[in-house]
Structure formats: structure tokens, C-alpha cells
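These notes are about the structure you will find just below.
The values are calculated or read from the model by the stated rules, or taken from the named source; none is laboratory data. These numbers were taken from a predicted model, which means no experiment stands behind them. Virtual Cβ from ideal backbone geometry, glycine too; neighbours counted across all protein chains shown.
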Amino acid sequence: MIRFEGVSKSYARKNAAALTDIDLSIDGGEFVFLVGASGSGKSTFLRLLLCEEKATSGKVIVNDKDVAKIRRWKVPAYRRQIGAVFQDFRLLPEKNVEQNVAFALEVIGEPRAKVKTAVADALEIVGLADLSQRRPGQLSGGEQQRVAIARAFVNKPPLIIADEPTGNLDPTTSLDIMRLLDRINRTGTTVIMATHDAAVVDQMRKRVVELDAGRMVRDQVRGVYGYAG
Amino acid sequence: MRRLMLALAEMWHGLRRNLTMTIAVILTVAISLTLFGTGLLVRAQVDAMKDYWYDRVEVSVFLCGKASDPKACPGGPVTDAQRAEIKAKIVALGPKVQDVYYESSQQAYDHFKQQFKNSPILNNVTADALPESFRVKLANPEDFAQVAAAVATSPGVEQVQDQRKLLEKFFKLLGGLQAIALGIAIAMLLVTVLLVVNTMRVAAYSRRNATGIMKLVGASNFYIRLPFVLEAVVAAGIGGLLAVGALAAEKVFLVDQILQPAFRFTAFVGWQAVVEVMIIVFLTGVILAGGAAWLTVRRYLRV
């Protein structure tokens, strides 16, 4: 589903490259942890997938399409196939839970009836059906992240990208979020998750890709966070 | 939680700042468009007056009389033969002359009496003091020089006068006023555009959370930008309506109720011209603001 072919990304302002010569292939339905220290290139990796930036060299291929060659006006359509979740949730504080999730469908012009059922389904999956009228300010961090996941998943995208989704959460809540992502992954959705969180990586035993200073130093099936082995 | 509170505070700030900016946009649009419209109305007025007056202006060929300047009239008062010859020369100009008629001293005096009915000047003027003349109406008022060349040196002609010259000075003055009004209006329109650009920047910034999410979930650029452009268009539309109202007030109160009764001898700008100006002004405001907003958000809400 996703292929990185000799991908490098460098920024004009920094001397060090953000990514250097990444070769990687991720199949549909996989769950992949992207680990590494801050500044190792995890975020750049995800930004390339989201088509927020273009590789300096090499190719990022998603569903047999070269992401760099997507025309500017077609980028929104491309992004509809990707759900994104972030450390800071990125919810709209003036909207309630239901409205926050519905927003993702409304702004891409889905009909009201479809929005209603899809939002109800998504909230059911993340276990927030009872809190649908609350505002983000009235929810715990874990609940807010569930809303964000519901929003990312409401459109049933084939790929979910999560950038440090447990970064602001305590360990118990983090595990809840991981279970949720795991359950979504079992429906056939590919999940790529960048994280610092050794505990969740060790617990889940999924494929681990480690970046260090922009280079891929490890690609391990059923890996753990720390050492290679 | 703190992050959320900050976001809330920021949003509230953005909204409040936006409200004042919106009011600023409405008022600037209203003022600049009113000025712009006034400039256009002055031009319409000048056109109306030109139509009115140029239709009536004549070239006056004054003939020598008893009171004439002896330098211009060395032969004394015009003779019948001279008079006939001058008329023949004028008629010989052919189709350039639309109409020519003779005005005797007595007729000139009667005219004069009518014009200065209530003025003490009348007591000092007698029919003899006013020269007889040929009044020449030209098909094209620009052809004055040819009339002058044809008859100015003929014996019996004291002076050839082009009324158009007198009017032109007056129109030049009005033209100057109009240029000033339009100059200020253009400066104000520029200010309006800059204000819209800045307002959109602030709006784009204060709503970057929502637009960021929209980008992420794949909303089209058009959908993301539309609300901003609509905001600018609506604000400009309200300002435009205020300007239209101001122009209507100018027509009703200034032109119809003050100028018209005071200056009965000329034509004033009519409602048709006023409505045309209103439409131009309104569309200018809306298109300018909408265009400025579109270009700004295009720049600040890049994918």
C-alpha cells in the first residue's frame, strides 16, 4: 500500500537532512510503529505521507500513486483517504463531540443523512456515544483523543496516521487508546503511529521502524521500543 | 487543559478583533465608495451641464454700433451693405452653421431687461449701449475658429465672441473638483483594499485551528476559502449599501432640494445617472473587497 523508494528530504535552512535514503514498504492492514528520538525524522515521514511536503529525492508511493505528482487541486481528495490523529487532539473547542466528528464529513460535502449515521457509528466504536453533547473542555485527555480518533476514522479511510497520540496521556489512558487503534487496525485499516512511548510499543508487539538522525536503523516485525533484538 | 484555555482565549480575542475589523471594513468601504460615487456624480453633472449648455451656446458676432470702440470700428456704425455682406459670409460656411439669426440692439435690450429684471444695473443701460449682433449656432461648437476667421476682419464687425470659452473655464473648475474627489476616492479604495487584506490575515490566523483541520480531512480549497471571501463580500456589500444610501441622499437633499431651486438656469444630474453610479459603486466595492479577500486567503491558507 505504501512504498518509500530511496526517499530523502532536506531543508534549506538546516544542514542535516531530515530523512536520508529511506526504503520501506508497508502493506495494507499493517500496524507500524515509527520510533526514534525527537528530530529523528518521524514527523517529516508523516508529513510526506500527508502530502504536506514533498521529498527532495526518491519517491513516496501510496496506492500505486506517486504522492509528489498529485496535482495541487487533487490533494484534498487524496487526504480524504487518510485519517490523522495528533498529540494535541486538534479539536474545535466551541463545538461539541458530535459536531467535532461531523465537521470532518460536513466540510467535504457529505450529505446530512450520511453524516448522522457515520458520526453515530464512529462514536459507538470509540465508546463516546454517551458523551456526544459534551464539549472538548468537559472531557478528559483520553476522551478528547477518542474524539480525534472518531473524527479521523469517521470517513472509513484505508490509512490512519497517528503522531504521538499518547504523548499527552497517562499510561492507563494510553493503553486504552492503543486498544482502540488496534481494534480499528483489525477492521483492515492500515495504522502508522509515530511514538516515544516505550510502554505501548513493548505491549503491542507490532512492526517497529526506528529512525535515527533521518536514517532507518531498524525494521523489525513484532518489535519492542528499545534495543534491536 | 491549559492549552485548551489558551486556545479559547485566543479564539475569543480573534472574534472580538474581527468584529471591530469588520465594522472598520464596512465604514471604510462606505466612505470610500461614497466619495467615489460623488466623484462620478460630479462628472455626470458636468456632462449634464455640458449637454445643456453646449446645446445652447452660440458664437456672437457683435456689429459696430454707436457705443463701439473706435479702434475696432474705424468706419463707425455698421452699414446695411456691411451687414448683408457679413451675413452672406456666415451663410457661406455652409452646413457647419446650423442656424444664424440677427439680434437688433432693441432685442438685445429686451433680453437684457428680462435677465436683470430686479437689478439696479438696468437703470444705467440703454438700447444704444448694446450692440446688434448675429447669433451663429454651429453644428459642431469646435468650429468656432473658422467663423472667427471668416468674419472677424470684415468691416462693421466689432468682436466675435465664443460663449463656449466662458463655459470652459467653469467646466475646468468643476473638472478640477471632480479630479480631487476621484483622487481621494482612489486613495480611499486603496486603503479599503489594504484593510480587507489585513482583516483577512487576522481572520485566517484566528481560525487556523478550524482551517487546519479542514485541510487535514481533505476539504477543498474552495470550501476552506469561501467563508472568508463571503465575509469580505458581505461587509463590503453592507458598506456599499450605505454608500448607495448616501448617494441617494446627495441627490434628494443636495441636488433636488438645494441646488435645483437655487440654480434654475441649468440642468442637473437625473435619477438615471444616479442609479448608474450607484450600481457601479456597489459592484466596485463588492468586487474589490471579494477579490482582495480571495487573493489574501489564497496566500495565507495554502495547502
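A few points about this structure:
- Under the condition of being among the β-branched types (Val, Ile, Thr), part of a helix (DSSP H, G or I) and closer than 26 Å to residue B:141 by Cβ, the residues counted in segment B:24-71 number 2.
- Inter-residue pairs, beta-carbon under 9 Å, first surrounded by fewer than 13 Cβ atoms within 10 Å (Cβ to Cβ) and in segment B:103-115, second part of a helix (DSSP H, G or I) and of a type in the set (Phe, Trp, Tyr), 6+ apart: none
- When A:92, A:128 are screened for being surrounded by 15 or more Cβ atoms within 10 Å (Cβ to Cβ) and away from every other protein chain (no Cβ under 14 Å), only A:128 passes.
- When residue A:87 is tested against (1) within 11 Å of chain B (Cβ to nearest Cβ); (2) buried (at least 16 other Cβ atoms within 10 Å of the Cβ); (3) out of contact with any Asp or Glu (no Cβ under 6 Å at 6 or more places or on another chain); (4) not aliphatic (A, V, I, L, M), just one condition goes unmet, and that condition is (3).
- Residue match in segment B:163-186 (condition: closer than 24 Å to residue B:50 by Cα and polar (S, T, N, Q)): yes
- When each of B:170, B:228 is tested for being at pLDDT below 85, farther than 30 Å from residue A:82 by Cα and of a type in the set (Phe, Trp, Tyr), the lone residue that passes is B:170.
Table: residues versus (1) within 14 Å of chain B (Cβ to nearest Cβ); (2) in contact (Cβ under 8 Å) with a residue 40 or more places away in the chain.
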residue: A:55; (1), (2): no, yes
residue: A:80; (1), (2): yes, yes
residue: A:104; (1), (2): yes, yes
residue: A:113; (1), (2): no, no
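- Which numbered condition residue B:161 misses (of (1) within 14 Å of chain A (Cβ to nearest Cβ); (2) assigned to a strand (DSSP E or B)): (1)
- Odd one out for residue B:29, checked against (1) modelled with pLDDT under 85; (2) under 36 Å from the mean Cα position of the chain (by Cα); (3) aliphatic (A, V, I, L, M): (1)
- Within segment B:167-226, the set of residues being assigned to a helix (DSSP H, G or I), within 14 Å of chain A (Cβ to nearest Cβ) and touching a residue at least 40 places away in the same chain (Cβ under 8 Å) comprises B:206, B:209, B:211, B:215, B:221, B:224, B:225.
- Selection from segment A:58-78 of residues that are in a helix (DSSP H, G or I), more than 10 Å from chain B (Cβ to nearest Cβ) and in contact with a helix residue (DSSP H, G or I) (Cβ under 8 Å, 6 or more places away or on another chain): A:67
- Residue satisfying all of: in segment B:284-294; of a type outside the set (Gly, Ala, Ser) and in contact (Cβ under 8 Å) with a residue 12 or more places away in the chain; surrounded by the fewest Cβ atoms within 10 Å (Cβ to Cβ) among these: B:294
- Residue list for segment B:147-192, filter: surrounded by 15 or more Cβ atoms within 10 Å (Cβ to Cβ) and polar (S, T, N, Q): B:154, B:159, B:161, B:163, B:178, B:192
- Any chance residue A:217 is among the aliphatic types (A, V, I, L, M), exposed (fewer than 14 other Cβ atoms within 10 Å of the Cβ) and outside any loop (DSSP other than H, G, I, E, B): yes
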